[in-house]
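Engineer: Have a look at this one before I ask anything.
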Amino acid sequence: MKLMIGLTALAVMALAIPVRGQDSPESLYKAKCQACHGPDGKGETAAGKKLGAKDFHSPEVTKMSDAELFDITKKGKEKMPAYDKKLTDDQIKELIKYVRTLK
Ligand code: HEC
């Protein structure tokens with residue numbers, strides 16, 4: 001019986017890990033946001049500078065609420081593309097949390 005539980009747990013883990021790896025906020029950020037916002041969120045990439053992406057650490061951005069950042073990511077703003085068709089609300093929420101942790 002113990003062995004069965006152990007094997008089931010292993011199978012669940014083996015299934016869960018690759019899925020989580022692909023959908024983690026970090027890998028989503030790298031795949032979809034980093035080109036403009038940069039690995040550190042400073043927006044110091046060629047595209048970020050050209051389009052006017054702000055530093056996520058600037059007071060302008062840190063004073064915005066999570067809800068405002070969520071809306072900008074979902075609906076887009078100026079040159080910032082809208083992600084409402086590409087990401088779920090939960091994914092956007094996770095991304096905003098992730099963006100706040102970038103140093
Ligand atoms: C094509 C380049 C581009 C991509 C890709 C992009 N952004 Fe942006 N983003 C911008 C620009 C430019 C702005 C500034 C918009 C403005 O205020 O005029 C912006 C603004 C934002 C803001 C509002 C705060 C700020 O810096 O002004 C958030 C939050 C944000 N982006 C998150 C994301 C997330 C999360 C992704 C990935 C899902 C992403 N962006 C992908 C260009 C981009």
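Read the figures in this text as sums done on the coordinates, not as results from a lab. Since we're looking at a predicted model, the values are computed, not measured. Glycine also receives a Cβ, built like all others from the backbone with ideal geometry; neighbour counts cover every protein chain displayed.
Engineer: Can you name every residue in the stretch 50-82 that is among the aromatic types (Phe, Trp, Tyr) and either part of a helix (DSSP H, G or I) or over 17 Å from LYS32 (Cα atoms) (or both)?
Structural biologist: The one that is among the aromatic types (Phe, Trp, Tyr) and either part of a helix (DSSP H, G or I) or over 17 Å from LYS32 (Cα atoms) (or both): PHE70.
Engineer: Counting only residues that are near the ligand (Cβ under 10 Å from one of its atoms) and either exposed (fewer than 12 other Cβ atoms within 10 Å of the Cβ) or part of a loop (DSSP other than H, G, I, E, B) (or both), how many does the stretch 83-103 have?
Structural biologist: 3
Engineer: Which of the residues belonging to the stretch 39-82 are near the ligand (Cβ under 6 Å from one of its atoms) and touching a Phe, Trp or Tyr at 6+ places or on another chain (Cβ under 7 Å)?
Structural biologist: THR73
Engineer: Could you grab the pairs with beta carbons closer than 6 Å, sequence gap of 6+ or different chains, first residue in the stretch 90-103 and over 12 Å from SER65 (Cα atoms), second one of a type in the set (Val, Ile, Thr)?
Structural biologist: Within 6 Å, the pairs are ILE92/THR73.
Engineer: Something else now. Evaluate the following for THR73: is it among the hydroxyl-bearing types (Ser, Thr, Tyr) and farther than 15 Å from VAL99 by Cα?
Structural biologist: Criteria not met by THR73.
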